[in-house]
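Let me begin by presenting the structure, written as structure tokens, before commenting on it.
The values are calculated or read from the model by the stated rules, or taken from the named source; none is laboratory data. All values reported here derive from a predicted model rather than from experimental measurement. When we count neighbours, we look across all protein chains shown, and the Cβ atoms used for this are built from the backbone with ideal geometry, even at glycine. When the accessible area is computed, the model is the full protein with side chains, heavy atoms only, and any ligands, DNA or RNA have been set aside. Shrake-Rupley method; radii C 1.70, N 1.55, O 1.52, S 1.80 Å.
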Amino acid sequence: MKKMTKKDTVEVKETQAAAEPAAAAAAREKKLEVRNLTISFRTVGGKVQAVRDVSFDVYKGETLAVVGESGSGKSVTTRAVMGILAGNAIVESGEILYDGKDLLKISEEDFHKLRGDKIAMIFQDPMSSLNPIMKVGTQLTEAMLLKSRANVRESRAQFNEKLKALENAMNLAMGGDEQTKQNNKKRCGDFDTFEYRHLALEKEYLSARQGAIEATDAIDRLLFEIEKNAVKRFKEISAEIHRDAARAVHEYVVTDESITPLLDALKEKSDEIEKSPERYGEISETLTKIRDILNGALEKIQPNFFAMGYYEQFSGQPLPQMETQQLNAYLRKYLDDNFMLEFIDCAKKALVYSETECVKAKRELLPELDSAKSMFDGEPDKKAVYALIKELSQKVMNTVNPLDLVKDSAAYTFRSSLKSAVDRYFDGVAHNSKEQARFDKETEKYEKLKQSGKDPDFKLVPANIIDLDLARENILRVIERLKESVQARIDGEDKIDFDAKAVAMVDFFKEKASGVVNKVTKAIARHRALKLLEEVGIPEPYKRFNQYPFEFSGGMRQRIVIAIALAANPDILICDEPTTALDVTIQSQILELINRIKAERNLTVIFITHDLGVVANMADRIAVMYAGKIVETGTDEDVFYRPAHPYTWALLSSMPDLDTSEKLEAIPGTPPNMIFPPVGDAFAPRNKYALKIDFEQQPPMFKISDTHYAATWLLHPDAPKVELPKIVSDRISRMSEVNKK
């Protein structure tokens, strides 16, 4: 164990663990923010500190890998994101921000709307996610049907709310006189009116398209049963095909007139051979031809019903007879010339005005946030603090831009976060002295019994004391986080592309309008479920759809779980050790599958594992956790090629490598008892490079580069220079050589 040169204790300003340069962060959309998360668990032996002041961001389309030994806090962190912490968990501080909500403070009812829909999870044991007495097909379609009903209601509400906000902002931006208001009312009213026509057209089209999908699904099912000599409902399925394929005959779906005689032949032959199973094969050619026509129709370009809705509503002319692609171009130009370009220009004015007012309010808010922080310099007055929360929260909400399409989580959660932090502080003020008195009294009684030679008939319950310094720090963090968000918005005012924002606003309305009519029926859900089974590599999906989980191998069950997680098309997919229970070959297949699906769907993935090797080819960024804290974070190249924390070195040293026969190094010792967390660096007792200060002070996050941070005193300027362990440096050299080839 070495001594740090020059001085043993130092003051170092801590840097946010997962921070990024402002420009880089602004270029990407944050999907999830975890801030200063601290979680403990009540146990008989005392309070176990599982997660300690953990912070990180997750961006759209990236994979963040959280790596560490068992007990490092990685799974507890993700369970907090999912709202499935154990009953004895204590969330001592922190925030988990998603879509303008703090997931630590929403109700279970609200979590039902997010869990499995917006945020899905794959567990280590697939049977923890599967109902053993329900067919996998039913489990797959359930999520789609539930989401569809909720999505229709939500889409309509969001469309109406945002259109009204846009009209109000247009009025304010363009003068606000009565004539301007009437013009804007007509613009927004016309937009809403032709959207109704758009919805009617798209609904009719989707019904026909749905018929084609259901018919092809039934044909595939019947052909499969004929091939396997397992037909059970021949005439009934034939009737379904006839009905659904006929429904698909539509001017923009099935226009091939040859489908009519084929459907008539299907009906005629099915009546003839219903009771002659040996003749089922005679119908296969007819079924195949019908399917080919339907599949060809499903590949056609979709008409621009948005532009068509405007044309039919306001032009007073019949639709021109053109090919769909040519028609779309014509309708788009007509819409732009007669309405949309002017509407977008007005929307742009509204967006500029709304953003200017938002930034103005934020500038006025900044000094008030500094004033609010000063209230906690001494002993805060309870009544004054709660009055401040009420007043300041209203001012914060006044800074929210009603036209923002992505919610400002810092502002939306400010009131609940600040009140929660203040409540905990004053609870501690009222509770600590009583709790300490109770503990002292019981301790005295316990010791007296021991000294008299008696065995106490009760257990000494540790004092449950609220850390007032931490509680005060959490209050200041909430205010400071909002201040940083406010300042970032002010600094970025002149970098906004309002033309792009105006177009994005129109795209938002189109998306929400489509959401109103895109209802998922049982037949559509079945079709999508079968496609999902194919997507995750399940052979013979028609057969597997009707099987129970016990009829699948472990790897296949995990594929089913992945399909279920994807069924609701989530924003974020959490993978908690999804390959640990599988053999090496299947592990590789599942990892490749997750990687491929993530890329195809632009999914945001949080991948939990104890094995760095598992994430070598799939993580964009890596957070290394030990004893409840993030000790290193960086890109995959940062962590694998420039590791900085001795714990990361230890993980790399113990990682199997096919390119060498060198003996792996086991990590010495065991993780600390987190009922009594270490004073300094928790890894110090297991670290042969530990310095004296490691046993006295927790290291802050030292910045290595804009993307790379590590919490180790070895990065302090006064620390002695330590070379990478040979096994690690050799491995880095081999990996570098492989990547050059």
Result for the chain: accessible area per residue, probe 1.4 angstrom, in square angstrom, of 49
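Expected output is a single nm value to one decimal: the length gained when fully extending between ASP611 and ALA86, i.e. 0.36 nm times separation in residues minus the C-alpha distance. What is it? Mind dumping the intermediate values first?
Values: separation 525, 0.36 × 525 = 189.00 nm, distance 2.48 nm.
Extra length available between ASP611 and ALA86 comes to 186.5 nm.
Mind giving me the FRET efficiency for LYS30 and GLU364? R0 is 30 Å, r the Cβ-Cβ distance, nearest 0.05 is fine. It would help to have the intermediate numbers written out before the result.
Numbers: r = 25 Å, r/R0 = 0.84.
Given R0 = 30 Å and the Cβ-Cβ separation, E is 0.75.
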Could you name the aspartates and glutamates whose alpha carbon sits less than 19 Å from that of LYS522, not counting residues in the same chain fewer than 8 places away? ASP117, GLU142, GLU204, GLU214, ASP217, ASP220, GLU236, GLU240, ASP244, GLU534
First compute the accessible area of the chain with a 1.4 Å probe, then give the percent of it belonging to carbon and sulfur atoms. 51
How high is the relative contact order of the chain, given as a whole-number percent (alpha carbon pairs under 8 Å, six or more residues apart)? 26
Please state the equivalent ellipsoid semi-axes for the chain: what are the square roots of 5 times the Cα gyration tensor eigenvalues, largest first, in whole Å? 53, 37, 25
From the C-alpha gyration tensor of the range 207-310, square roots of 5λ in Å: 29, 12, 11
Find the Rg to Rh ratio for the range 426-504, where Rh is the Kirkwood radius over alpha-carbon pairs and Rg uses the same atoms. 1.49
Checked the range 604-728 against the a/c 1.5 cut and the a/b vs b/c comparison, axes a ≥ b ≥ c from its Cα gyration tensor; verdict rounded
Residue (of VAL422, TYR280, ALA488) at the positive-pole extreme of the chain, dipole from beta-carbon charges: VAL422
Anchor LYS459: aspartates and glutamates whose Cα lies under 14 Å away (excluding residues fewer than 8 positions away in-chain): ASP440, GLU442, GLU444, GLU447
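Which entries in the list LYS147/LYS531; LYS118/LYS162; LYS419/LYS629; LYS101/LYS395 go over 28 Å, if you measure between the two C-alpha atoms of each? Present the calculation step by step, with values, prior to reporting the outcome.
Numbers: LYS147/LYS531 18 Å; LYS118/LYS162 21 Å; LYS419/LYS629 26 Å; LYS101/LYS395 18 Å.
Too far apart for the 28 Å limit: no listed pair.
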Compute and list, largest first, the equivalent-ellipsoid semi-axes of the range 341-488 from the alpha carbon gyration tensor, each √(5λ) rounded to a whole angstrom. 50, 15, 10
As I understand it, the dipole of the chain uses +1 on the Cβ of Lys and Arg and -1 on the Cβ of Asp and Glu, about the Cα centre. Which of HIS431, GLN558, THR63 lies farthest toward its positive end? HIS431
What is the Å³ per residue value for the convex hull set by the Cα atoms of the range 85-194? 168
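Size of the dipole of the range 195-330 about the Cα centre, Lys and Arg at +1 and Asp and Glu at -1 on the beta carbon, nothing else charged, in debye to 20? Walk me through the intermediate numbers first.
Values: 17 positive and 26 negative charges, 54 e Å.
Charge dipole of the range 195-330: 260 debye, to the nearest 20.
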Along the charge dipole of the range 260-372, Cβ charges K/R +1 and D/E -1, which of LEU331, LEU366, GLN321 sits furthest on the positive end? LEU366
Can you return the aspartates and glutamates within cross-link range of LYS726? Criterion is Cα-Cα under 17 Å, with same-chain partners fewer than 8 residues away left out. ASP657, ASP659, GLU662, GLU665, GLU737
In degrees, nearest 10, range 0 to 90: what is the angle between the Cα axis of helix 498-517 and the longest Cα principal axis of the chain? 60
Given backbone amide H placed at 1.01 Å from N, residues whose amide H is under 5 Å from that of ALA50, ignoring those fewer than 5 places away on the same chain, are ILE39, SER40, PHE41
How far is helix 305-314 tilted off the main Cα axis of the chain, in degrees rounded to 10, range 0 to 90? 60
Can you give the FRET efficiency to the nearest 0.05 for LYS300 and ALA488, using r as the Cβ-Cβ distance and R₀ = 56 Å? 0.75
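For the chain, what is the mean residue ellipticity at 222 nm derived from helices alone (per DSSP H run of n ≥ 4: -39500 (n - 2.57); sum divided by total residues; nearest 500 deg cm²/dmol)? Kindly include the intermediate steps, with their values, before the conclusion.
Working: 23 runs with 391 residues, N = 741.
Mean residue ellipticity, 222 nm, calculated: -17500 deg cm²/dmol.
How long is the gain from LYS382 to THR193 if the chain were fully straight, where each residue apart is worth 0.36 nm and the alpha carbon distance is subtracted?
Working: separation 189, 0.36 × 189 = 68.04 nm, distance 5.29 nm.
The span from LYS382 to THR193 would gain 62.8 nm if fully extended.
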Inter-part distance where the range 672-741 and the range 457-504 are each reduced to a Cα centre, Å: 28
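Would you please classify the overall shape of the range 277-405 from the alpha carbon gyration tensor, given that a ≥ b ≥ c denote the square roots of the eigenvalues, rounded means a/c under 1.5, and beyond that prolate means a/b larger than b/c while oblate covers the rest? Please list the in-between numbers first.
Details: a/c = 5.94, a/b = 2.11, b/c = 2.82.
Because a/c hits 1.5 or more and a/b fails to exceed b/c, the range 277-405 counts as oblate.
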q = 0.14, 0.16, 0.26, 0.28 Å⁻¹: log10 I(q)/I(0) that the Debye formula gives for the range 65-134, counting C-alpha atoms only: -0.52, -0.67, -1.39, -1.45
Please label the shape of the range 459-614 as rounded, prolate or oblate, based on the square roots a ≥ b ≥ c of the eigenvalues of the alpha-carbon gyration tensor (a/c under 1.5 means rounded; beyond that, a/b larger than b/c means prolate, else oblate). oblate
If one computes the Cα centroid of the range 398-415 and of the range 149-190, what distance in Å separates the two points? 19
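Report the antiparallel proportion of the DSSP beta bridges in the chain as a percent, rounded to a multiple of 5.
Values: 29 of 50 bridges.
So the antiparallel bridges amount to about 60 percent of the total.
Placing +1 at every Lys and Arg Cβ and -1 at every Asp and Glu Cβ, with all other atoms neutral, what dipole size does the range 334-431 have around its Cα centre, in debye to the nearest 20? Before the final figure, lay out the partial values.
On the way: 14 positive and 17 negative charges, 85 e Å.
Dipole magnitude for the range 334-431 comes out near 400 debye.
About its Cα centre, how strong a charge dipole does the chain have in debye, to the nearest 20, once Lys and Arg get +1 and Asp and Glu get -1 at the Cβ? It would help to have the intermediate numbers written out before the result.
Working: 107 positive and 117 negative charges, 305 e Å.
In total the dipole reaches around 1460 debye.
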